[in-house]
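The values are calculated or read from the model by the stated rules, or taken from the named source; none is laboratory data. Keep in mind that what you see is a predicted model, and the values were worked out from it rather than measured. Because the Cβ atoms are built from the backbone with ideal geometry, glycine has one as well, and the counts that use them run over all protein chains shown.
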Amino acid sequence: MQPILSVSGLKAYYQMRYFGVAREIRAVDDITLHINRDEIYGIAGESSSGKSTLIKTIARAIRPPLNVVGGSIAFDFEAGPRDLYALSEEQLSAIRWRHLSYIMQGSMNVLNPVRRIRHSFVDFAFRHMGLPMPAFLQRVEDHLAHLSLQPGILESFPHELSGGMRQRVTIALATVCRPDFIIADEPTTALDVVVQKNVLGMIRRLQQEMGASVLFVTHDMAVHANLCDRLGIMYAGRLVEEAPTRALFQRPLHPYTAHLIRSLPRIGDDTPRHGLEGRPPSLAAPPPGCRFHPRCPLAMDICKREVPPMEELESGHRVACHAALQGIAP
Ligand SMILES: Nc1ncnc2c1ncn2[C@@H]1O[C@H](COP(=O)(O)OP(=O)(O)OP(=O)(O)O)[C@@H](O)[C@H]1O
Ligand code: SF4
Ligand SMILES: [Mg+2]
C-alpha cells in the first residue's frame with residue numbers, strides 16, 4: 001500500500017544574516033522516511049536534534065528564517081501523492097484540520113486566552129465540517145463526551161483549566177474533524193506521569209478508532225516504547241536509525257540509539273548509568289563525516305571523513321553507521 005507520507009532527501013535550514021554575515025543552522029539535513037496508514041511513528045532524539053524543525057517542515061508550518069532548501073514532502077490523502085510545498089494557500093487550508101492536524105510543542109497556547117474554548121473549536125473546525133452551527137456544536141460535544149470531557153468545558157476560559165485538561169482539549173480540537181494524519185510535538189512533556197498516561201491512552205484510542213496515522217515527537221524513550229509502532233532516531237539534524245519499536249529496543253544497531261536505551265531507568269536495577277562524553281555539535285558547523293563521531297565509542301577513521309549512508313540492514317531496520325555496516329554491534 002502507498003505510504004500516506006513520503007519525505008525524501010529533506011533539508012530545512014535556518015538561514016540568518018547578522019551584520020552582513022550569513023549564518024546557517026542545518027537543523028534538518030537530508031532526511032528520508034515514509035509513514036504508513038494507520039501507524040504511530042515516533043521521532044526521538046535529544047534536545048536541539050531538529051525534531052521540532054522536522055515536523056514543522058512536514059506540517060508546512062514554517063516561516064523565515066527557516067527555509068526548505070532541498071528534498072520533498074508528499075502526502076497521499078485522497079487522489080495520490082501530492083507535493084505539500086506545491087499546494088496553493090487555498091489548497092493547504094482545505095487540507096489543514098480536515099486531513100492534517102498539528103499539535104505544536106507548547107500547543108496548549110493555541111487556545112486563545114481571552115476567549116472561551118467554544119470559540120477555538122468554531123475558529124478551527126467549523127468551516128471544515130459543512131454542518132449548520134447547532135449540529136456542529138452537537139458534534140463537538142459528542143466528541144468531547146467520547147473523550148470523557150464535560151461539554152461544560154466549552155464555556156470555560158483556558159486559564160480556568162489544569163494543564164492536563166488543556167492538553168486534552170487541544171487533542172480534542174485536533175481530532176474533531178477526524179483527520180487522516182496527526183502530528184504531535186511533545187504533547188505530554190509538561191504533564192505529570194498520571195496525566196501523561198491518560199493523554200497517551202487518549203491518543204492511542206483515537207488513532208485506533210479513526211485509523212489515522214500519527215507522527216509523534218518526544219525525547220522520552222519510555223513514552224515511545226509504550227506508544228509507537230515504529231521509531232526514527234535523530235541526531236544533530238539527521239535520521240540515524242529507524243526500525244519497528246520492538247526491534248529497535250531489542251537490538252539497536254546505532255551507538256547513539258544504544259546509549260539512549262541504556263540510559264533508561266529500569267525498576268530494580270541499581271547499576272550506574274554512564275552518560276555520553278561531550279555535547280551534541282553545533283548545527284551551524286557540524287563535524288564532517290558522521291556527526292556523532294566526536295562522542296562515539298566505536299568511531300573509526302572513516303567516520304571522521306565520510307557521512308555513513310542509511311542502509312536497510314534487516315527488514316524494516318535502517319541505520320546510518322559505518323560500524324553497523326561492518327557488523328559491529330554497539
Ligand atoms: N527560530 C529559530 N531560529 C534559529 N535557530 C533555531 C530556531 N528554532 C530552532 N533553531 C535551532 O535549530 C536546531 C534544532 O532545534 P529544534 O527545536 O528543531 O530541536 P528539538 O529536537 O525539537 O529540541 P527540543 O527537544 O528542545 O524541543 C537547534 O540548534 C535550535 O537552536
Ligand atoms: S559512523 Fe562511526 S562515529 Fe558514527 S556512529 Fe557509527 S561508528 Fe560511531
Ligand atoms: Mg522540539
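Kindly check whether there is at least one residue in the stretch 245-262 that is in a strand (DSSP E or B), away from ligand 1 (no atom under 16 Å from the Cβ), in contact (Cβ under 8 Å) with a residue 60 or more places away in the chain and within 18 Å of GLU39 (Cβ to Cβ).
Narrowing the stretch 245-262 to residues in a strand (DSSP E or B): none.
No, that holds for no residue.
Pull up the stretch 311-330, narrow it to residues that are outside any strand (DSSP E or B), within 11 Å of ligand 2 (Cβ to nearest atom) and under 24 Å from the mean Cα position of the chain (by Cα), then point me to the one that is surrounded by the fewest Cβ atoms within 10 Å (Cβ to Cβ).
So, considering only residues that are outside any strand (DSSP E or B), within 11 Å of ligand 2 (Cβ to nearest atom) and under 24 Å from the mean Cα position of the chain (by Cα), the one surrounded by the fewest Cβ atoms within 10 Å (Cβ to Cβ) is ALA320.
Could you grab the pairs with beta carbons closer than 8 Å, sequence gap of 6+ or different chains, first residue in the stretch 7-35 and on the phi > 0 side of the Ramachandran plot, second one among the β-branched types (Val, Ile, Thr) and at pLDDT 95 or above?
Taking only residues 6 or more apart or on different chains, the pairs are GLY9/ILE31; GLY9/THR32.
Do we find a residue being on the phi > 0 side of the Ramachandran plot and either away from ligand 3 (no atom under 16 Å from the Cβ) or assigned to a strand (DSSP E or B) (or both) anywhere in the stretch 282-293? Reasoning before the result, please.
Let us first name the residues in the stretch 282-293 that are on the phi > 0 side of the Ramachandran plot, namely 289.
With either away from ligand 3 (no atom under 16 Å from the Cβ) or assigned to a strand (DSSP E or B) (or both) added as a condition, the list becomes 289.
Checking the stretch 282-293: at least one residue is on the phi > 0 side of the Ramachandran plot and either away from ligand 3 (no atom under 16 Å from the Cβ) or assigned to a strand (DSSP E or B) (or both).
Every residue in the stretch 51-71 that is closer than 18 Å to PRO187 by Cα and assigned to a loop (DSSP other than H, G, I, E, B), please. I'd like the intermediate steps shown before the answer.
Here is the first cut: in the stretch 51-71, the ones closer than 18 Å to PRO187 by Cα are 51-59, 61.
Within the stretch 51-71, ALA59, ALA61 meet the criteria.
Quick check: anything in the stretch 98-105 within 12 Å of ligand 1 (Cβ to nearest atom), under 17 Å from the mean Cα position of the chain (by Cα) and either surrounded by fewer than 18 Cβ atoms within 10 Å (Cβ to Cβ) or charged (D, E, K, R) (or both)? Walk me through it before giving the result.
Step one: of the stretch 98-105, the residues within 12 Å of ligand 1 (Cβ to nearest atom) are 104-105.
Add one more test, that the residue is under 17 Å from the mean Cα position of the chain (by Cα), and what stays is 104-105.
Subsequent filtering for residues that are either surrounded by fewer than 18 Cβ atoms within 10 Å (Cβ to Cβ) or charged (D, E, K, R) (or both) retains 105.
Yes: one or more hits.
Within the bounds of the stretch 23-34, is there any residue that is out of contact with any strand residue (DSSP E or B) (no Cβ under 9 Å at 6 or more places or on another chain) and either within 15 Å of ligand 1 (Cβ to nearest atom) or under 30 Å from PHE77 (Cβ atoms) (or both)? I'd like the intermediate steps shown before the answer.
Taking the stretch 23-34 and keeping what is out of contact with any strand residue (DSSP E or B) (no Cβ under 9 Å at 6 or more places or on another chain), we get none.
No, the stretch 23-34 contains no residue that is out of contact with any strand residue (DSSP E or B) (no Cβ under 9 Å at 6 or more places or on another chain) and either within 15 Å of ligand 1 (Cβ to nearest atom) or under 30 Å from PHE77 (Cβ atoms) (or both).
Of the residues SER47, SER88, SER72, which is touching a helix residue (DSSP H, G or I) at 6+ places or on another chain (Cβ under 8 Å) and more than 16 Å from ligand 2 (Cβ to nearest atom)? I'd like the intermediate steps shown before the answer.
Working: SER47 fails: touching a helix residue (DSSP H, G or I) at 6+ places or on another chain (Cβ under 8 Å); SER88 fails: touching a helix residue (DSSP H, G or I) at 6+ places or on another chain (Cβ under 8 Å).
Exactly one residue qualifies, and that residue is SER72.
I need the full set of residues from the stretch 16-50 which are more than 16 Å from ligand 3 (Cβ to nearest atom), assigned to a loop (DSSP other than H, G, I, E, B) and crowded, with 17+ Cβ neighbours inside 10 Å, in order please.
Scanning the stretch 16-50 gives a single hit, GLU39.
LEU111 versus (1) crowded, with 17+ Cβ neighbours inside 10 Å; (2) touching a strand residue (DSSP E or B) at 6+ places or on another chain (Cβ under 8 Å): which is the lone unmet condition?
The failed condition is (2).
Filter the stretch 283-304 for residues that are closer than 20 Å to LEU260 by Cβ and within 12 Å of ligand 2 (Cβ to nearest atom) and give the result. Steps first, answer last, please.
Step one: filter the stretch 283-304 for residues closer than 20 Å to LEU260 by Cβ, giving 283, 286-287, 290-299, 303.
PRO287, CYS290, ARG291, PHE292, HIS293, PRO294, ARG295, CYS296, PRO297, LEU298, ALA299, CYS303, listed by residue number.
Cβ-Cβ distance below 6 Å, separation of 6 or more or different chains: which pairs start in the stretch 263-282 with a residue that is within 16 Å of ligand 2 (Cβ to nearest atom) and end on one that is modelled with pLDDT of 70 or more and in a loop (DSSP other than H, G, I, E, B)?
Pairs found: PRO280/ALA236; PRO281/ALA236; PRO281/PRO287; PRO281/ARG291.
When the stretch 172-212 is examined, which residues are found to be of a type in the set (S, T, N, Q) and in a loop (DSSP other than H, G, I, E, B)?
Taking the stretch 172-212 first, the residues of a type in the set (S, T, N, Q) are 175, 188-189, 196, 198, 207-208.
Residues satisfying the conditions are THR188, THR189.
How many residues are buried (at least 21 other Cβ atoms within 10 Å of the Cβ) and over 13 Å from the mean Cα position of the chain (by Cα) when one looks only at the stretch 222-238?
Final tally of qualifying residues: 4.
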